[in-house]
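The values are calculated or read from the model by the stated rules, or taken from the named source; none is laboratory data. Being a predicted model, the structure only gives us computed values, none of them experimental. Quick reminder, even Gly has a Cβ in these numbers, built from the backbone with ideal geometry, and neighbours come from all protein chains shown. Keep in mind that these areas ignore ligands, DNA and RNA; they rest on the heavy atoms of the full protein, side chains included. Shrake-Rupley method; radii C 1.70, N 1.55, O 1.52, S 1.80 Å.
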Amino acid sequence: MTYEDQLDAALSRLHQEGRYRTFIDIERKRGHFPHAIWRKPDGSEQPITVWCGNDYLGMGQHPVVLAAMHEALDATGAGSGGTRNISGTTVYHKALEAELADLHQKEAALLFTSAYIANDATLSTLPKLFPGLIIYSDALNHASMIEGVRRNGGAKRIFRHNDVAHLRELLAADDPAAPKLIAFESVYSMDGDFGPIAELCDVAEEFGALTYLDEVHAVGMYGPRGGGLAERDGLLDRIDIINGTLGKAFGVHGGYIAASAKMCDAVRSYAPGFIFTTSLPPVVAAGAAASVRHLKGDQALRDTHQEAAKLLKLRLKGLGLPIIDHGSHIVPVIVGDPKHTKLLSDMLLEEYGIYVQPINFPTVPRGTERLRFTPSPVHGPDEIDKLVKAMDQLWARCALNRAELAG
């Protein structure tokens, strides 16, 4: 076998299908988000506006967060120095876990290096804690949840997306005595639709199942204190395990679960993804804790965020563009072809200074390729106006019939 040839063939397939992912070099400017600098391969620079970031509320630039990080950096230095078991637990980690437990009204929380790892490590560990566990997973759950369920070696059932009746059929067909867990999300990031949390909790109670809720695209942005959709809908007491991120609305880095003290203790004690990983740097934990603490009381920022999303959707709908609107903050424009999606992305960047990454298979099904815009409270009317005008001009200029673009 010629290994280089195999690598060339694999990469060539992506290029031919229009699915090869290109990274651009961005330099964010403190205090100027969502504006940044694009450093081109030829060494030149171009100002851009970031429209696809997950720093949903701009907290990565917030003075409260930066001040906490500067203070922790001066006090402790850079890294944590070890795993949580071996010298890597500091007062900053404990303070952040306390903030997160309080946010979700749980007894405890457990930090991980990312929400992906939190999902993977927790879901792959649960069958060790509950022998014979059957996990019922929504068909559109995030890759991290899919991977955790796949790796755990236990039984799994996949129910159709948001289809509570199908879930009930699957539960009814299994041994009533078997331990069960239902895994689902609150906001599904590609379409921006909501999970039927209350109905899923009803089914869980009916069949004696645990509930596992991924709130990654909701924490900080929904609920009176930013606790997510479960908090907004008064359902926190019905969720056994909540997964969240510190790298999106909270603007820093890391992931976590929040649950009972015994559940967190058991995962802490059995999950390799927690035990053998160097812990978050104290400076990161300090910044995240400051962000969580601040957002518990900043409803105005959440309101401004929702207003920006509503305005962008209204303007794009006015152009007749095929957007998906389920009422969340996520604004997907369906293009339906990977090459056309990449073309639009490139033209927006090069000609208008608007940066939005194309989203193609396998992140979304073939034929639903899209540009996914993520407006924030600091995307003002001027930024929205520029984006809408650019989309209007490019949609026509690309000579792509709108019916074709819609898939």
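For the range 5-19, 3J(HN,Hα) computed residue by residue from phi via the Karplus equation (6.51, -1.76, 1.60; θ = phi - 60°) reads 5, 5, 5, 4, 5, 5, 6, 4, 4, 5, 5, 5, 7, x, 10 Hz, glycine and proline entered as x. Based on Cα contacts under 8 Å between residues 6+ apart, the chain shows a relative contact order of 21 percent.
Protection proxy ranking of 334-344, 127-137, by the mean of other Cβ atoms within 10 Å over each peptide's residues and highest first, is 334-344, 127-137.
To put it simply, the accessible area of the range 18-72 at a 1.4 Å probe is 54 percent carbon and sulfur.
When the Cα positions of Pro63, Ile241, Pro41 are compared along the charge dipole of the chain, Pro41 comes out farthest toward the positive end, with charges on each C-beta of Lys, Arg, Asp and Glu. DSSP assigns beta bridges within the chain; of those with both partners inside it, close to 60 percent run antiparallel. Partners of Lys339 within straight-line reach, counting aspartates and glutamates whose Cα lies under 19 Å from its Cα and excluding those fewer than 8 residues away in the same chain: Glu17, Glu350, Glu351, Glu369, Asp392, Glu404.
With all protein chains kept in place, the per residue accessible area of the chain amounts to 43 square angstrom at a probe of 1.4 angstrom.
Under a Gaussian network description of the chain, with springs only between Cα atoms under 10 Å, the residue in Asp138, Asp175, Asp265 that fluctuates furthest is Asp175. The calculated FRET efficiency for Ala396 paired with Asp8, based on their beta-carbon distance and R0 = 51 Å, is about 0.85. Taking amide H as placed 1.01 Å from N in the peptide plane, Asn141 has no amide H partner under 5 Å among residues 5 or more places away or on another chain. Overall, the chain carries a charge dipole of about 260 debye about its Cα centre when +1 sits on the Cβ of Lys and Arg and -1 on the Cβ of Asp and Glu, all other atoms neutral. Helix 197-207 and the longest principal axis of the C-alpha atoms of the chain enclose an angle of approximately 30°. Dipole of the chain computed with +1 at Lys/Arg Cβ and -1 at Asp/Glu Cβ about the Cα centre; of Thr89, Gly327, Ser186, farthest Cα towards the positive end is Thr89. Annotation: peptides 252-263, 33-44, ranked by per-residue average of other Cβ atoms within 10 Å with the highest first, follow the order 252-263, 33-44.
The number of Lys pairs in the range 31-162 with C-alpha atoms less than 28 Å apart, excluding pairs fewer than 8 positions apart on the same chain, is 5. Cross-link pairs exceeding 23 Å between alpha carbons, from the set Lys310/Lys342; Lys313/Lys386; Lys296/Lys386: Lys310/Lys342; Lys296/Lys386. For Pro358, neighbours were defined as the other residues whose beta-carbon sits under 15 Å from its Cβ, and their charges (Lys and Arg +1, Asp and Glu -1) total +2. If R0 is 56 Å, the Cβ-Cβ spacing of Glu169 and Asp42 corresponds to a FRET efficiency of close to 0.45.
Only one residue of His104, Ile146, Thr122 has its Cα farthest out toward the positive end of the dipole of the range 63-160, where Lys and Arg carry +1 and Asp and Glu -1 on Cβ, and that residue is Ile146. The sum of -39500 (n - 2.57) across all DSSP H runs of n ≥ 4, divided by the residue count of the chain, sets its helix-only mean residue ellipticity at 222 nm to -13000 deg cm²/dmol.
Within the full protein context, the accessible area of Tyr352 is estimated at about 80 Å² for a probe radius of 1.4 Å.
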